[in-house]
Every structure is written in structure tokens, then in C-alpha cells.
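Q: My questions all concern the structure below.
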Amino acid sequence: MPRMDSLYCPFASKVHPKAWPAHEDSILWAQSLGMLVTEQHTRNANKEKIGWLVARGFPTATSQGLQLAADWTLLFCILDDHIEKLGTAHEVATYQQYLLDLFRADITGSPQDPFAAGMVDLRQRLRAMAPPSHVTRFADRLEELFAANVAEARNRERAQIPDLASYLQLREITI
């Protein structure tokens, strides 16, 4: 019988064997695009151990799939911090629409904005690994995420605390 003070899980805990390299490569990727501007940003990203989080979620993924998931996850953690610093919900909506349009577009090259460059890079890598229908579904979920981010920004802007049901609905999407 499990201890009462521990969380019981009936599944064996597995971690992808390349958790550490995936983490390190994600940090280098984000630095190369300019998402991690200062040493403090890099230290914070290292503390989050995104590669390890993703390695637990995808213990049997290919190395390429694990890296893609780690890079996506790191981008969205850093992007979340970035958009919280934008002034208004309108600014968040406009910026995220720009990123979504880039993700859905068929462009090449690397935009100057680090998050835009990350979106283009990740879209190209996802398209190389997945059928078009999966990429479209991912873009649709991205649109949902961005809409939820705008709703959170609107709540911050209005200094409004949502009711529990609304909060849980948003967190289900943003997490």
C-alpha cells in the first residue's frame, strides 16, 4: 500500500535517455535565436529543466521528436514571460496573431524577432516530421492557446480575477 504522504502512480517512471542533451540543445537553440538575452535568463531556463520535463512526457520519442518537443516547450515558457510584459491585451493579441500568421505561412528565412524566428524554425521542423493535417491541428491548438493568453492579459489589464470555472478553463489551455 502506498504511503499516505506520497503520490501514487501505477506506471513505471520513465525518462528518455537523451534528456540532458535535449535540455542543453534547447538552451543553445534559444540563445542562438536571441530568446535568452542575459545570463540570468539562461540560468532561469536551466532551472526549469525543460528537457527533463519533456523527456518524462516522451520517454520513447525519437531523438529528433524529443528535441522538437523540448524546443517548443522552452519557446512557450519564454514567450509566456515575454507576453506578460506587454502593455495591453491588444498588444498581446496583435503580437500573437503575428506569430500565428508566421506559423501558418509558408515562408523561409529567419525574422529578426527571436520568437518569430523560433516559430518559423519549429514549423519547418514539424512539417518535416508530421503530415500536413497534424501541422494544421497544431496551428489550431496554437490559436486556442493564444486566445487564452489574450484572455489572461485582459484579466491582468483590468485587474480582474476570474471566477474559478473560468480560471480552470483558461489554465487547461495555457498549461
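Q: Given L75, L86, L99, L53, which one is hydrophobic (A, V, I, L, M, F, W, C) and over 16 Å from the mean Cα position of the chain (by Cα)?
A: L86
Q: Looking at R127, is it assigned to a helix (DSSP H, G or I), over 27 Å from T62 (Cα atoms), open to solvent by 60 Å² or more (accessible area, probe 1.4 Å) and of a type in the set (K, R)?
A: Here the answer is no, as R127 does not meet what is asked.
Q: Give me a count of the residues in segment 66-87 that are at pLDDT 95 or above and not in a helix (DSSP H, G or I).
A: Count: 0.
Q: If I ask for residues that are over 11 Å from D25 (Cα atoms) and touching a Cys at 6+ places or on another chain (Cβ under 8 Å), which ones from segment 49-72 would you list?
A: Residues satisfying the conditions do not exist here.
Q: Take the residues of segment 1-20 that are closer than 10 Å to A70 by Cβ and assigned to a loop (DSSP other than H, G, I, E, B): which is most open to solvent (accessible area, probe 1.4 Å)?
A: K18
Q: Among the numbered conditions (1) assigned to a helix (DSSP H, G or I); (2) touching a helix residue (DSSP H, G or I) at 6+ places or on another chain (Cβ under 6 Å); (3) modelled with pLDDT of 95 or more; (4) not polar (S, T, N, Q), tell me where M35 comes up short.
A: (1)
Q: Criterion first (modelled with pLDDT under 90 and on the phi < 0 side of the Ramachandran plot) does D101 satisfy it?
A: Against the criterion (modelled with pLDDT under 90 and on the phi < 0 side of the Ramachandran plot), D101 does not qualify.
Q: Sticking with this one: Does L7 meet the test of being under 21 Å from L122 (Cα atoms) and free of Cβ contacts under 8 Å to residues at least 24 places away in the same chain?
A: No; evaluated as a whole, the condition is false for this residue.
Q: Next up: Collect the residues in segment 45-68 that are open to solvent by 20 Å² or more (accessible area, probe 1.4 Å) and either under 20 Å from P114 (Cα atoms) or touching an Asp or Glu at 6+ places or on another chain (Cβ under 9 Å) (or both), keeping them in residue-number order.
A: Residues satisfying the conditions are N46, E48, Q67.
Q: So which residues in segment 130-175 are within 24 Å of A69 (Cα to Cα), of a type in the set (A, V, I, L, M) and surrounded by 14 or more Cβ atoms within 10 Å (Cβ to Cβ), if there are any at all?
A: Result: A130, V135, A139, L142, L145, A147, A148, V150, L170, I173.
Q: Being hydroxyl-bearing (S, T, Y) and under 13 Å from L75 (Cα atoms) is the filter; apply it to segment 21-44 and report the residue that is surrounded by the fewest Cβ atoms within 10 Å (Cβ to Cβ).
A: In this case the residue turns out to be S32.
Q: Next question. Give the number of residues within segment 87-124 that are within 22 Å of S63 (Cα to Cα) and open to solvent by 60 Å² or more (accessible area, probe 1.4 Å).
A: Summing the residues that are within 22 Å of S63 (Cα to Cα) and open to solvent by 60 Å² or more (accessible area, probe 1.4 Å) in segment 87-124 gives 1.
The values are calculated or read from the model by the stated rules, or taken from the named source; none is laboratory data. The model shown is predicted, which means the values in this text are computed figures rather than measured ones. Reconstructed Cβ throughout: ideal geometry from the backbone, glycine too, with neighbour counts over all protein chains shown. What goes into the accessible areas is simple: the full protein's heavy atoms, side chains included, and nothing from ligands, DNA or RNA. Shrake-Rupley method; radii C 1.70, N 1.55, O 1.52, S 1.80 Å.
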